[in-house]
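Okay, structure first, notes after.
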Amino acid sequence: MSLNTDMPVRVADVTEVTDLVKRFRFERIDGHPMPFFSGGAHVVVSMNDNGLLRRNPYSLMSNPDDNSGYEISVLRVPNSRGGSVFMHEQVRPGDQLTVSQPVNLFAPDHRGRKHILIAGGIGITPFIAMMEQFSRDNVAFELHYAIRSRSHGAYWQQLLDRYGPRRIKVYVDEEKTTIPVAEITDNQPLGTHLYVCGPAGMIDGVLMTALKAGWPKENLHSERFLAPPAGLPFQVFLKKSNIHMTVGEHQSILEAAEAHGCDAPYMCRGGACGQCETEVSSCDGTLEHNDIYLSDEEKTSGRKVMICVSRFKGQQLVLQL
Amino acid sequence: MLVQGIKSRPEYKGLDIDPHAKRHLFVLEGEGAAALTDQVEARGKDFLAKSEILYLAAGAAPKAYDVALAALSPDVFWQAPTLQPMLFRLRACLDQARMGTRLYIAGTEGFIGQIMQVALEFGIDFNSIHTEHRGSTARRVQCVHCKGITDNVTTSPFACSHCGLSLLVRDHYSRRLGAFQGVNIDAEEPGTAPQPEEMFP
């Protein structure tokens, strides 16, 4: 389902940004312009890895005003499910891929009078597009960007050159400098919004510090990169499609359903947006909810499951799908 | 006559002191003073040392709530003679305020709406503002035809104080304007408006 408006694209350019980060530029094969997007948006890239369909979400990092193409940056994560390794090793200029329409689950709040962006590592990508937008709209912003080392950190030099040291602050693990979150959140004018994107531990730490500094939760925004976690294989029966299937160790329920030809709805594929919410008909075992969408009560009730990241342990799971 | 069940009708969930806030700004009108004194009774006085109270007595002046509020010895207590100086002072406060400041508003709906209007200009999300409705249920209504706003409307329908049309009061609310939206009730056949009913004492 997924709005079914995927766009076939050609890889126009592949750029090595650091040892572990590559940037890809996509342009439409039919020569039409890409849809405009807003800073913070992502697309889902579909890859055909020797017959295996891989779909990964990536934040758009190109200028939101530029509809001649989209750019994403991919961090190579060796011991993961393989999407990033495929992008790094297999994808070359001229190749064809499919990307979804842009979806924004991490949009800036335009009512804000100032915006503070906090990035860790590859979490920088949505902010690159956001900053273009803030800069165009003449809105106050500052970026606090933590990287492991200057050689491994992506884009920090370009951002410093573009926006200057007053708005771009870089912190380097190797140089023992860390983002002073308590100081940053301590003294900001009313109407400031804070956005954080990076590893889960960093996000939790920043949000907790801001709440303790008296920030209301309405002014705090985060985007997590949840990859579907691996686990033991299990059996699922899709009632409406009448499909019995096994969800593999490195597969999500959603991916298994897609592999069996079931066109299930999805948007973020990362447990955040709620689009793939699926009703549980019966469950002989335990649901492992890995999403950040359902409330604690909903998770306990066991009547719904987010099939993009959640897993199951037990005999049989029957879904209304 | 009242049209109800419209989603835009604001909900006032009551003042609830946020323990993490670095500073509390209370903007109170009339009976709204009691919303704060009730909190002090329930939670103790600790938060008053980092509190600023702006108070407009309005119709509740004979009850001398100002004396009770001043007796709480908050960090700042300031009393406004009328709404306009109140809004001016509020702007000055919000202009200086930092992110750890939480805003609390209590009083009549018209007052809450007009304070909220100023707060929204400063980029505060309305969900993070604590509100409590106290006192009269009279409404502040905008005529959707001439755009004039009439305060303290207690009946429906009522005659617009600007253009004179007979207006039906509905739950349709504009946060941007801080007012309910009133529509002409006898547009098809002028002169057939029902008798005003006292609805918002």
Scanning the stretch A:136-159 for residues that are within 25 Å of A:Arg111 (Cβ to Cβ) and of a type outside the set (A, V, I, L, M) gives A:Arg136, A:Asp137, A:Asn138, A:Phe141, A:Glu142, A:His144, A:Tyr145
So, A:Ser38, is that one under 21 Å from A:Ala272 (Cβ atoms), surrounded by fewer than 21 Cβ atoms within 10 Å (Cβ to Cβ) and at pLDDT 95 or above or not? yes
Apart from one, (1) more than 19 Å from B:Gln4 (Cα to Cα); (2) among the charged types (D, E, K, R); (3) modelled with pLDDT under 95 all hold for B:Glu198; the odd one out is (1)
Note on the stretch B:87-117: residues touching a Ser or Thr at 6+ places or on another chain (Cβ under 6 Å) and either assigned by TED's automatic domain parsing to the domain that holds B:Ile149 or within 20 Å of B:Ser136 (Cα to Cα) (or both) are B:Ile105, B:Thr108, B:Ile112
Within the stretch A:19-60, of all residues that are within 21 Å of A:Cys308 (Cα to Cα) and among the basic types (Lys, Arg), the one nearest to the chain's Cα centre (by Cα) is A:Arg55
By residue number, the members of the stretch B:73-130 that are touching a residue at least 24 places away in the same chain (Cβ under 8 Å), within 14 Å of chain A (Cβ to nearest Cβ) and among the polar types (S, T, N, Q) are B:Thr101, B:Gln117, B:Ser128
Q. Could you say whether any residue in the stretch A:286-305 is surrounded by 15 or more Cβ atoms within 10 Å (Cβ to Cβ) and among the small types (Gly, Ala, Ser)?
A. no
Residues in the stretch A:297-315 that are touching a strand residue (DSSP E or B) at 6+ places or on another chain (Cβ under 9 Å), in contact (Cβ under 8 Å) with a residue 60 or more places away in the chain and part of a loop (DSSP other than H, G, I, E, B) total 0
For the structure I just gave you, tell me whether B:Ala138 is closer than 26 Å to B:Glu11 by Cα and in contact with a helix residue (DSSP H, G or I) (Cβ under 6 Å, 6 or more places away or on another chain).
no
Review point. Any residue in the stretch A:288-296 that is on the phi < 0 side of the Ramachandran plot and outside any loop (DSSP other than H, G, I, E, B)?
Key: yes
Here the residues within the stretch B:133-150 that are farther than 19 Å from B:Ser8 by Cβ and either under 15 Å from the mean Cα position of the chain (by Cα) or surrounded by 20 or more Cβ atoms within 10 Å (Cβ to Cβ) (or both) are B:Arg134, B:Gly135, B:Ser136
Within the stretch B:9-32, the residues that are more than 16 Å from B:Gln114 (Cα to Cα) and in a loop (DSSP other than H, G, I, E, B) are B:Lys13, B:Gly14, B:Leu15, B:Asp16, B:Ile17, B:Asp18, B:Pro19, B:His20, B:Ala21, B:Lys22
ask   = Being of a type in the set (Asp, Glu), closer than 26 Å to A:Gln188 by Cα and not in a strand (DSSP E or B), is that true of even one residue in the stretch A:91-101?
value = no
Counting only strands (runs of 3 or more DSSP E) entirely within the stretch A:171-275, those with at least 1 residues that are within 12 Å of another protein chain (Cβ to nearest Cβ) and touching a residue at least 24 places away in the same chain (Cβ under 8 Å) are A:192-198, A:220-224
Residue hits (the stretch A:16-42; touching a residue at least 12 places away in the same chain (Cβ under 8 Å), under 20 Å from A:Ala154 (Cα atoms) and in a strand (DSSP E or B)) are A:Val21, A:Lys22, A:Arg23, A:Phe24, A:Arg25, A:Phe26, A:Ala41, A:His42
* Could you say whether any residue in the stretch A:96-118 is away from chain B (no Cβ under 14 Å), touching a residue at least 12 places away in the same chain (Cβ under 8 Å), over 14 Å from the mean Cα position of the chain (by Cα) and closer than 18 Å to A:Glu16 by Cβ? -> no
Only one of (1) modelled with pLDDT of 95 or more; (2) in contact with a strand residue (DSSP E or B) (Cβ under 6 Å, 6 or more places away or on another chain) does not apply to A:Asn104, and that is (1)
Scanning the stretch B:162-201 residue by residue, the ones that are free of Cβ contacts under 8 Å to residues at least 24 places away in the same chain and surrounded by fewer than 14 Cβ atoms within 10 Å (Cβ to Cβ) total 9
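The values are calculated or read from the model by the stated rules, or taken from the named source; none is laboratory data. This structure is a prediction, so every number in the text was calculated from the model and none was measured. Cβ coordinates were reconstructed from backbone atoms using ideal geometry, including for glycine residues, and neighbour counts include every protein chain displayed.
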